[in-house]
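Beneath this line is the structure, given in structure tokens, with notes to follow.
Here, each number is a calculation from the coordinates, and none is a lab measurement. Predicted model, so just to flag it, every value in this text is computed and none were measured. Note that each Cβ is placed from the backbone with ideal geometry, even for glycine, and that neighbours are counted across all protein chains shown.
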Amino acid sequence: MDRKSVVLVGFMGTGKSTVGSVLSKLLGFRLIDIDALIEKKEGKSITDIFSRDGEKHFRDIEEEVIKEIAGIEKAVIITGGGAVLRKNNIENLRKCGKVVCLTATPSEIYRRVKAETHRPLLQVDDPVKKIEELLSARAKYYAEADVFVDTTGLTTDEVAEEIIKKLT
């Protein structure tokens, strides 16, 4: 791998955070979590930002943070699941390096996130249906990635190794 960064995109529960942590260690790159930068900048949790300020405000801050890190080298960058919804974000993330989209089946995603209460978009009556709807609505945005890795049934280490294999 060269000095370029690796950008992880994908729906919630596809493994971006866990895989990102392992991948950064394997590559010797620093780890940059966009959601953590947003929380630091706003002084509150993502859940609070969504509930108090709304999704548009969150997306505006997300776009600002992504613009600030555009072009950064030797990092594994973890994005939130909806970061791909704005064209500027994809363009700025591409300035960092290859964009890798992690995928998983809707049932696998739900299995992974069902116990988590900090998922504002899943606080609905039928979360699996909501996952399917969101995946469908975001498919064209995720399709902009350079590389795709289906994480369903794979361990974190296996996913990290698959990413490295596909990028070299």
Please report how far the C-alpha centroid of the stretch 1-39 lies from that of the stretch 79-151, rounded to the nearest whole angstrom. 14 Å
By its C-alpha gyration tensor, with a ≥ b ≥ c as the square roots of the eigenvalues, how is the chain shaped: rounded for a/c under 1.5, else prolate for a/b larger than b/c, else oblate? oblate
Of all chymotrypsin sites (Phe, Trp or Tyr not before Pro) in the stretch 1-83, the ones in DSSP coil with at most 13 other Cβ atoms within 10 Å are none
In nanometres, what is the gap between the two model label sites at residue 144 and residue 67, each 7 Å from Cα along Cα-to-Cβ? 1.5 nm
Taking the Cα centre of the stretch 30-168 as origin, work out the dipole magnitude from +1 charges on Lys and Arg Cβ and -1 charges on Asp and Glu Cβ, in debye rounded to 20. 220 debye
Could you point to the residue in 136, 89, 159 farthest towards the positive end of the stretch 5-167's charge dipole, with +1 and -1 charges on the Cβ of Lys/Arg and Asp/Glu respectively? 89
